[in-house]
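> One structure coming up, written as structure tokens, with questions to follow.
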Amino acid sequence: MATREATWAYRDDHHERFARTYFRAFGNCVVSSVGIGTYLGDPTDEADEGYRDAVGRAVASGVNVVDTAINYRNQRSERVVGDALAAADVDREAILVATKGGFVPFDGERPADPGRYVREEYVETGLVDRDELVHGQHCIAPDYIDDQLDRSLDNLGLDTVDLYYVHNPETQLESKSRGEVYDQLEATFTRLEKRAAAGDIRHYGVATWEAFRVPSDHDAYLSLPEIVARARAASDAAGTAATHLRAIQLPFNVFMADAFTVTAHDGAEGPQSALWFANDAGLDVFTSASLMQGQLTEEMPGDVEARLDGDTRAQRALNFARSAPGVTSSLVGMGSPEHVAENVDAGTFEPLGAGAFDAVFE
Ligand SMILES: NC(=O)c1ccc[n+]([C@@H]2O[C@H](COP(=O)([O-])OP(=O)(O)OC[C@H]3O[C@@H](n4cnc5c(N)ncnc54)[C@H](OP(=O)(O)O)[C@@H]3O)[C@@H](O)[C@H]2O)c1
């Protein structure tokens, strides 16, 4: 488990090379504002090798946030993260390891008959109730998430996951009412509170693609204040002293800035953007797709790029995401080890200050 002492020691070893706000608070820990993601790429041994090398280089050079999910590359990403962390000459307690559960994962490779695999592995074994499976591939019911967390701990070779996300819960809205999805989240949060009390996870969160950045009348919308209220109720039900809900993850980049521009979450003084609501509620924000899945390295609006520091376009794009209010860390997928040094070096430049960031949108 990441600890205050080890993450601060990690920061002390690396911070002189970076600009002032590169390391940021996460609970009582301190983490890098560039994190490594492991989503894209083929489920092959060759891609495993690339990620293994990239994760090793990242944690050796000032990145102590590693993000994965059980379904990424058919569980290969989690397994490679586990291998890379075990092999790294870095204290495991210095690293924030985050993973996610929700999408039913395949095991190493895509089966010839995916429907049959899910039926035999999950439905007929009683792990997933057919009514709780959306699109034949997504479930966030408590018993299922419990089982997925066990598998993730096993894949990662860890005793504790530092941050466990419920993955894209908005997928459930395709076959359930919003009220039913909130009820299910509360039940699953209650289970995660218990897993936190047992030491299997340190914190939990909600990772989304659309839910928090779309307007409130959008089909995929979920309300952050409601999520926070449900987490508090879950903590009461589980008997934990305070909720372990700690973070959200959502896409944010130069082309997808709606988490900052769309005010869809009711705060104390009226509607707020997801980023400002999270900031005021004390939730850490991790940005996904910080390079728009690589597209920003090819094109970026010139007027925005001109305001950003960095030697390369990837660095400038990452520095945009790192500049947004309330962002703790911007995740960037790096299956190619040669991208690591360039992306980590984004942190040697100052992000935009609050005034300069707001001015981008004027
Ligand atoms: N809903 C969710 O929960 C969700 C959704 C999406 C992503 N995520 C998380 O967020 C992480 C980041 O998002 P992402 O991976 O989708 O997209 P991303 O970080 O915006 O882009 C990753 C892509 O950019 C390429 N790249 C990285 N650095 C580069 C550089 N310096 N120059 C040129 N190309 C570069 C990568 O190539 P290589 O791989 O070849 O290095 C990869 O193809 C994911 O890995 C995942 O952990 C979560």
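Computed from the coordinates by the stated procedures, all read-outs in this text should not be read as laboratory data. Nothing here was measured: the structure is a model prediction, and the numbers come from that model. Because the Cβ atoms are built from the backbone with ideal geometry, glycine has one as well, and the counts that use them run over all protein chains shown.
> Suppose we keep just the DSSP beta bridges with both residues in the range 180-303; what percent of those would be antiparallel, to 5?
Just about 30 percent of them are antiparallel.
> Moving to a separate point now. Report the per residue volume, in Å³, of the convex hull enclosing the C-alpha atoms of the chain.
131 Å³
> As a check on your grasp of the helix formula, calculate [θ] at 222 nm for the chain: sum -39500 (n - 2.57) over DSSP H runs of n ≥ 4, divide by the residue count, round to the nearest 500.
-11000 deg cm²/dmol
> Right, another one. The range 248-362: Rg/Rh from Cα coordinates, Kirkwood Rh?
That ratio equals 0.97.
> How much length is gained if the chain between residue 180 and residue 236 is pulled fully straight, taking 0.36 nm per residue apart and subtracting their Cα-Cα distance, in nm to one decimal?
18.2 nm is the gain from fully extending residue 180 to residue 236.
> Any idea what the relative contact order of the range 92-186 is, in percent, if you count C-alpha pairs under 8 Å spaced at least 6 apart?
Worked out over the range 92-186, it gives 40 percent.
> Same structure again: Over all alpha-carbon pairs of the range 236-283, lay out the pair-distance distribution in 10 Å bins, whole %, shortest bin first.
24, 42, 25, 8, 1
> By per-residue mean of other Cβ atoms within 10 Å, what is the highest-first order of 131-142, 287-298?
Packing proxy ranking, top to bottom: 287-298, 131-142.
> Between the range 58-84 and the range 228-280, how many Å separate their Cα centres?
25 Å
> Can you tell me the relative contact order of the range 22-109? Whole percent, Cα pairs under 8 Å, sequence separation 6 or more.
31 percent
> To continue, here is another question. Fewest to most neighbouring Cβ within 10 Å: what's the order for 194, 100, 176?
Least to most surrounded, the residues fall as 176, 194, 100.
> Place the peptides 239-245, 203-209, 257-263 in order of packing, highest mean first, counting for every residue the other Cβ atoms within 10 Å and averaging per peptide.
Per-residue mean Cβ counts within 10 Å order the peptides as 203-209, 257-263, 239-245.
> When only Cα pairs under 8 Å and 6 or more residues apart are kept, what is the percent relative contact order across the range 4-360?
Relative CO of the range 4-360 lands at 18 percent.
> Count the DSSP beta bridges whose two residues both fall in the range 4-360, then state the antiparallel fraction as a percent rounded to the nearest 5.
Of all bridge pairs located within the range 4-360, approximately 25 percent are antiparallel.
> Continuing with this model, one more query. If each residue's Cβ is checked for other Cβ atoms within 10 Å, how do 210, 193 rank with the fewest at the top?
210, 193
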